[in-house]
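Working notes, structure below.
The values are calculated or read from the model by the stated rules, or taken from the named source; none is laboratory data. As the structure is a computational prediction, the values presented were derived from the model and not from experiment. Methodologically, a virtual Cβ is constructed for each residue, glycine included, from the backbone with ideal geometry; neighbour enumeration extends over all protein chains shown. The area values use the complete protein model at the heavy-atom level, side chains included, leaving out ligands, DNA and RNA. Shrake-Rupley method; radii C 1.70, N 1.55, O 1.52, S 1.80 Å.
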Amino acid sequence: MDLELVSVDGGDKYAITASSVLIGRDASNDITIAKDLLSRCHAKLSLAEDEWLLEDLDSTNGTSVNNRQITRPTKVKAGDVIKFGEMAYYLKNASGDERTIVASRLPQKELTGGSVVVDEESDGDVTSFQQSYQLPSGWTNVEKSPAYTQESIDKLIKRTITSKQLNPDVVLVFYINQARPLVYGISAKKAESFWSIGRGQDVKVKVDDPSISTQHARLIYKAGVWSLEDVGSTNGLRVDEEACAKVVLKDQSVVTLGRVDMVFRKLQ
(Lines give C-alpha, C1' and ligand atoms only; values in the text may rest on other atoms or scores of the structure.)
Protein backbone atom coordinates (compact mmCIF):
# COMPACT_ATOMS: atom_id res chain seq x y z
CA MET A 1 0.00 0.00 0.00
CA ASP A 2 1.53 3.31 -1.11
CA LEU A 3 1.28 6.19 1.33
CA GLU A 4 1.75 9.92 1.24
CA LEU A 5 3.17 12.11 3.99
CA VAL A 6 1.08 15.31 3.99
CA SER A 7 1.61 18.49 5.99
CA VAL A 8 -1.31 19.11 8.36
CA ASP A 9 -1.15 22.78 7.41
CA GLY A 10 -1.40 22.09 3.69
CA GLY A 11 1.18 22.46 0.96
CA ASP A 12 3.95 19.90 1.41
CA LYS A 13 3.22 16.36 0.24
CA TYR A 14 5.67 13.47 -0.16
CA ALA A 15 4.97 10.15 -1.90
CA ILE A 16 6.19 7.01 -0.11
CA THR A 17 6.66 4.37 -2.79
CA ALA A 18 9.66 2.39 -1.49
CA SER A 19 9.59 -0.18 1.32
CA SER A 20 12.21 1.74 3.29
CA VAL A 21 12.42 5.53 3.41
CA LEU A 22 14.83 7.82 5.24
CA ILE A 23 13.47 11.21 6.33
CA GLY A 24 15.51 14.21 7.39
CA ARG A 25 16.97 17.62 6.64
CA ASP A 26 19.89 16.40 4.52
CA ALA A 27 19.47 16.15 0.75
CA SER A 28 20.75 12.57 0.79
CA ASN A 29 17.50 11.34 2.41
CA ASP A 30 14.66 9.77 0.42
CA ILE A 31 12.40 12.52 1.78
CA THR A 32 14.12 15.83 2.45
CA ILE A 33 12.33 18.26 4.76
CA ALA A 34 14.56 21.31 4.90
CA LYS A 35 13.49 22.60 8.30
CA ASP A 36 15.91 23.52 11.06
CA LEU A 37 14.19 21.49 13.78
CA LEU A 38 14.74 18.25 11.85
CA SER A 39 18.00 16.37 12.21
CA ARG A 40 20.07 15.62 9.12
CA CYS A 41 18.82 12.03 9.23
CA HIS A 42 15.79 12.19 11.49
CA ALA A 43 13.62 9.07 11.07
CA LYS A 44 13.06 5.92 9.05
CA LEU A 45 9.79 4.55 7.69
CA SER A 46 9.83 0.92 6.59
CA LEU A 47 7.40 -1.78 5.50
CA ALA A 48 7.63 -5.14 7.25
CA GLU A 49 5.06 -7.94 6.82
CA ASP A 50 2.45 -5.53 5.42
CA GLU A 51 2.84 -3.12 8.34
CA TRP A 52 4.56 0.26 8.34
CA LEU A 53 7.06 0.95 11.11
CA LEU A 54 8.38 4.39 12.06
CA GLU A 55 11.74 4.65 13.83
CA ASP A 56 13.43 7.71 15.28
CA LEU A 57 17.15 7.77 14.37
CA ASP A 58 18.44 9.44 17.54
CA SER A 59 17.22 12.82 16.32
CA THR A 60 17.83 15.95 18.39
CA ASN A 61 14.17 16.99 18.70
CA GLY A 62 12.51 13.60 18.60
CA THR A 63 9.67 11.97 16.67
CA SER A 64 6.09 11.47 17.87
CA VAL A 65 3.03 9.59 16.65
CA ASN A 66 -0.38 10.97 17.60
CA ASN A 67 1.28 13.26 20.17
CA ARG A 68 3.27 10.43 21.83
CA GLN A 69 7.04 10.53 21.49
CA ILE A 70 8.47 7.23 20.23
CA THR A 71 11.66 5.55 21.45
CA ARG A 72 11.41 2.32 19.46
CA PRO A 73 10.07 1.23 16.05
CA THR A 74 6.33 1.99 16.14
CA LYS A 75 3.49 0.80 13.90
CA VAL A 76 1.81 3.57 11.90
CA LYS A 77 -1.07 3.63 9.43
CA ALA A 78 -3.08 6.01 7.28
CA GLY A 79 -4.66 8.66 9.49
CA ASP A 80 -1.82 8.82 12.04
CA VAL A 81 -0.21 12.18 12.72
CA ILE A 82 3.59 12.21 12.84
CA LYS A 83 5.71 15.05 14.19
CA PHE A 84 9.40 15.42 13.39
CA GLY A 85 10.43 17.94 16.01
CA GLU A 86 7.62 20.50 15.64
CA MET A 87 6.79 19.72 11.99
CA ALA A 88 3.50 17.79 11.80
CA TYR A 89 2.36 15.53 8.95
CA TYR A 90 -0.29 12.88 8.54
CA LEU A 91 -0.20 9.63 6.60
CA LYS A 92 -2.64 9.34 3.73
CA ASN A 93 -3.43 6.48 1.37
CA ALA A 94 -2.08 7.45 -2.04
CA SER A 95 -5.07 5.64 -3.54
CA GLY A 96 -7.22 8.61 -2.53
CA ASP A 97 -8.95 7.05 0.49
CA GLU A 98 -8.52 10.17 2.61
CA ARG A 99 -9.54 9.77 6.23
CA THR A 100 -10.63 12.50 8.58
CA ILE A 101 -7.98 12.91 11.27
CA VAL A 102 -9.13 12.82 14.89
CA ALA A 103 -8.73 16.41 16.06
CA SER A 104 -6.89 15.50 19.28
CA ARG A 105 -4.03 14.12 17.16
CA LEU A 106 -3.52 17.40 15.35
CA PRO A 107 -1.46 20.34 16.59
CA GLN A 108 -3.41 23.46 17.42
CA LYS A 109 -3.34 26.05 14.67
CA GLU A 110 -1.32 29.19 15.12
CA LEU A 111 -3.16 32.42 14.44
CA THR A 112 -1.02 34.21 11.91
CA GLY A 113 -1.83 36.30 8.89
CA GLY A 114 -2.16 35.02 5.34
CA SER A 115 -4.39 34.77 2.34
CA VAL A 116 -6.20 32.18 0.30
CA VAL A 117 -7.13 32.22 -3.39
CA VAL A 118 -10.79 31.47 -3.98
CA ASP A 119 -13.53 32.40 -6.40
CA GLU A 120 -17.21 33.17 -6.77
CA GLU A 121 -19.92 30.55 -7.14
CA SER A 122 -23.56 30.99 -8.20
CA ASP A 123 -26.06 28.16 -8.14
CA GLY A 124 -29.67 29.00 -8.99
CA ASP A 125 -31.57 29.96 -5.85
CA VAL A 126 -28.44 30.03 -3.74
CA THR A 127 -25.55 32.41 -4.19
CA SER A 128 -22.37 31.97 -2.20
CA PHE A 129 -19.25 34.06 -2.47
CA GLN A 130 -15.73 33.13 -1.47
CA GLN A 131 -13.31 36.01 -1.25
CA SER A 132 -9.99 36.30 0.50
CA TYR A 133 -7.17 38.82 0.27
CA GLN A 134 -4.10 39.69 2.26
CA LEU A 135 -5.23 40.45 5.78
CA PRO A 136 -5.69 44.02 7.01
CA SER A 137 -2.92 45.56 9.07
CA GLY A 138 -3.02 44.31 12.65
CA TRP A 139 -5.20 41.27 11.92
CA THR A 140 -2.50 38.89 13.12
CA ASN A 141 -3.23 40.11 16.66
CA VAL A 142 -6.49 38.16 16.61
CA GLU A 143 -4.76 35.44 18.64
CA LYS A 144 -4.96 37.79 21.63
CA SER A 145 -8.73 37.96 21.27
CA PRO A 146 -10.22 34.46 21.13
CA ALA A 147 -13.73 35.94 21.08
CA TYR A 148 -13.07 37.38 17.60
CA THR A 149 -14.25 40.95 18.03
CA GLN A 150 -16.93 42.39 15.77
CA GLU A 151 -14.54 45.15 14.75
CA SER A 152 -11.93 42.69 13.54
CA ILE A 153 -14.46 40.53 11.74
CA ASP A 154 -16.02 43.56 10.03
CA LYS A 155 -12.62 44.73 8.81
CA LEU A 156 -12.12 41.37 7.15
CA ILE A 157 -15.62 41.36 5.63
CA LYS A 158 -15.13 44.88 4.30
CA ARG A 159 -11.84 43.85 2.74
CA THR A 160 -13.13 40.66 1.15
CA ILE A 161 -16.88 40.96 0.60
CA THR A 162 -18.34 44.45 0.63
CA SER A 163 -15.40 45.93 -1.26
CA LYS A 164 -16.54 43.78 -4.18
CA GLN A 165 -20.05 45.22 -3.94
CA LEU A 166 -21.44 41.88 -2.79
CA ASN A 167 -24.39 41.93 -0.44
CA PRO A 168 -24.84 38.51 1.20
CA ASP A 169 -27.27 37.79 4.05
CA VAL A 170 -24.64 36.19 6.25
CA VAL A 171 -20.88 35.67 6.28
CA LEU A 172 -19.00 32.62 7.55
CA VAL A 173 -15.35 33.08 8.45
CA PHE A 174 -13.28 29.91 8.91
CA TYR A 175 -9.80 29.86 10.46
CA ILE A 176 -7.83 27.05 8.82
CA ASN A 177 -4.22 26.30 7.88
CA GLN A 178 -2.47 28.58 10.36
CA ALA A 179 -5.52 30.83 10.48
CA ARG A 180 -5.68 31.97 6.89
CA PRO A 181 -9.29 33.10 7.04
CA LEU A 182 -11.62 31.61 4.47
CA VAL A 183 -14.60 33.88 3.94
CA TYR A 184 -17.98 32.80 2.56
CA GLY A 185 -20.80 35.24 1.95
CA ILE A 186 -24.13 33.43 1.60
CA SER A 187 -27.54 34.62 0.45
CA ALA A 188 -30.76 32.63 0.87
CA LYS A 189 -33.20 33.05 -2.01
CA LYS A 190 -35.76 30.61 -0.63
CA ALA A 191 -37.69 30.53 2.64
CA GLU A 192 -35.94 27.23 3.38
CA SER A 193 -32.41 26.46 2.19
CA PHE A 194 -29.34 24.53 3.29
CA TRP A 195 -25.63 24.40 2.42
CA SER A 196 -23.35 21.41 3.01
CA ILE A 197 -20.00 22.07 4.72
CA GLY A 198 -17.04 19.73 4.56
CA ARG A 199 -13.77 18.72 2.96
CA GLY A 200 -15.28 16.83 0.02
CA GLN A 201 -15.53 18.00 -3.57
CA ASP A 202 -19.35 18.06 -3.74
CA VAL A 203 -20.06 20.40 -0.81
CA LYS A 204 -21.24 24.01 -1.10
CA VAL A 205 -18.81 25.29 1.54
CA LYS A 206 -15.42 23.60 1.31
CA VAL A 207 -13.14 23.75 4.36
CA ASP A 208 -9.90 21.97 3.56
CA ASP A 209 -8.50 20.85 6.90
CA PRO A 210 -7.75 17.21 7.88
CA SER A 211 -9.92 17.53 11.01
CA ILE A 212 -12.97 18.28 8.82
CA SER A 213 -14.99 15.32 7.50
CA THR A 214 -15.89 14.96 3.83
CA GLN A 215 -19.46 15.83 4.83
CA HIS A 216 -19.15 17.57 8.19
CA ALA A 217 -22.12 19.88 8.82
CA ARG A 218 -25.11 21.58 7.25
CA LEU A 219 -25.93 25.29 7.42
CA ILE A 220 -29.71 25.67 7.50
CA TYR A 221 -31.97 28.65 6.88
CA LYS A 222 -35.62 28.12 7.79
CA ALA A 223 -38.35 30.59 8.74
CA GLY A 224 -35.85 33.38 9.24
CA VAL A 225 -33.60 31.34 11.54
CA TRP A 226 -30.04 30.21 10.77
CA SER A 227 -28.64 27.05 12.36
CA LEU A 228 -25.73 24.65 12.01
CA GLU A 229 -26.22 20.88 12.26
CA ASP A 230 -23.65 18.09 12.49
CA VAL A 231 -24.14 15.35 9.88
CA GLY A 232 -22.23 12.50 11.53
CA SER A 233 -18.74 14.00 11.33
CA THR A 234 -15.71 12.44 13.01
CA ASN A 235 -14.78 15.46 15.13
CA GLY A 236 -18.18 17.09 15.54
CA LEU A 237 -19.26 20.60 16.51
CA ARG A 238 -18.40 22.44 19.73
CA VAL A 239 -19.58 25.68 21.30
CA ASP A 240 -17.60 26.92 24.30
CA GLU A 241 -15.82 23.52 24.32
CA GLU A 242 -19.14 21.69 24.70
CA ALA A 243 -20.07 19.16 22.01
CA CYS A 244 -23.40 19.75 20.29
CA ALA A 245 -25.38 18.17 17.46
CA LYS A 246 -27.11 21.38 16.39
CA VAL A 247 -26.77 25.04 17.27
CA VAL A 248 -28.96 28.03 16.49
CA LEU A 249 -26.71 30.72 15.08
CA LYS A 250 -26.84 34.30 16.24
CA ASP A 251 -24.74 37.22 15.08
CA GLN A 252 -21.12 36.70 16.20
CA SER A 253 -21.65 33.03 17.11
CA VAL A 254 -18.41 31.03 17.21
CA VAL A 255 -18.62 27.29 16.49
CA THR A 256 -15.64 24.92 16.29
CA LEU A 257 -15.72 22.24 13.59
CA GLY A 258 -12.93 19.74 14.26
CA ARG A 259 -10.10 22.15 15.10
CA VAL A 260 -11.41 24.94 12.85
CA ASP A 261 -13.20 27.94 14.36
CA MET A 262 -16.13 29.37 12.39
CA VAL A 263 -17.48 32.84 13.11
CA PHE A 264 -21.05 33.58 11.96
CA ARG A 265 -21.84 37.20 11.06
CA LYS A 266 -25.40 38.21 10.15
CA LEU A 267 -25.53 41.18 7.80
CA GLN A 268 -29.20 41.22 6.73
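Considering the stretch 29-40, and only residues there that are of a type outside the set (A, V, I, L, M) and over 19 Å from Glu4 (Cα atoms), the residue that is least open to solvent (accessible area, probe 1.4 Å) turns out to be Ser39.
For Leu257, are the conditions met, namely being hydrophobic (A, V, I, L, M, F, W, C), surrounded by 14 or more Cβ atoms within 10 Å (Cβ to Cβ) and more than 16 Å from the chain's Cα centre (by Cα)? So Leu257 does not fit the description; no. Of all the listed residues (Val247, Val207), the sole one being outside the structural domain of Asp9 (by the TED database) and farther than 19 Å from Pro181 by Cα is Val247.
Residue-wise test of (1) touching a Phe, Trp or Tyr at 6+ places or on another chain (Cβ under 9 Å); (2) not hydrophobic (A, V, I, L, M, F, W, C).
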position: Leu22; (1), (2): no, no
position: Val65; (1), (2): no, no
position: Lys77; (1), (2): yes, yes
position: Leu91; (1), (2): yes, no
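Is it the case that some residue within the stretch 44-59 is open to solvent by 80 Å² or more (accessible area, probe 1.4 Å), in a loop (DSSP other than H, G, I, E, B) and either closer than 14 Å to Tyr89 by Cα or touching a His at 6+ places or on another chain (Cβ under 6 Å) (or both)? Looking for residues that are open to solvent by 80 Å² or more (accessible area, probe 1.4 Å), in a loop (DSSP other than H, G, I, E, B) and either closer than 14 Å to Tyr89 by Cα or touching a His at 6+ places or on another chain (Cβ under 6 Å) (or both), one finds none in the stretch 44-59, hence no. Condition check: without any contact (Cβ under 8 Å) to a residue 12 or more places away in the chain and outside any strand (DSSP E or B). Does Ala18 satisfy that? Considered against the rule, which asks whether it is without any contact (Cβ under 8 Å) to a residue 12 or more places away in the chain and outside any strand (DSSP E or B), Ala18 comes out as no. When Lys189, Lys164 are checked against the criterion of being touching a Phe, Trp or Tyr at 6+ places or on another chain (Cβ under 8 Å) and at pLDDT below 90, a single residue qualifies: Lys164. Name the strands (runs of 3 or more DSSP E) wholly inside the stretch 165-250 in which the number of residues that are open to solvent by less than 20 Å² (accessible area, probe 1.4 Å) is 3 or more. So the answer is 170-176, 180-188, 192-198, 225-230.
Residue count for the stretch 60-82 under the criterion of being part of a loop (DSSP other than H, G, I, E, B), open to solvent by 20 Å² or more (accessible area, probe 1.4 Å) and either under 23 Å from Ala94 (Cβ atoms) or among the hydroxyl-bearing types (Ser, Thr, Tyr) (or both): the result is 5.
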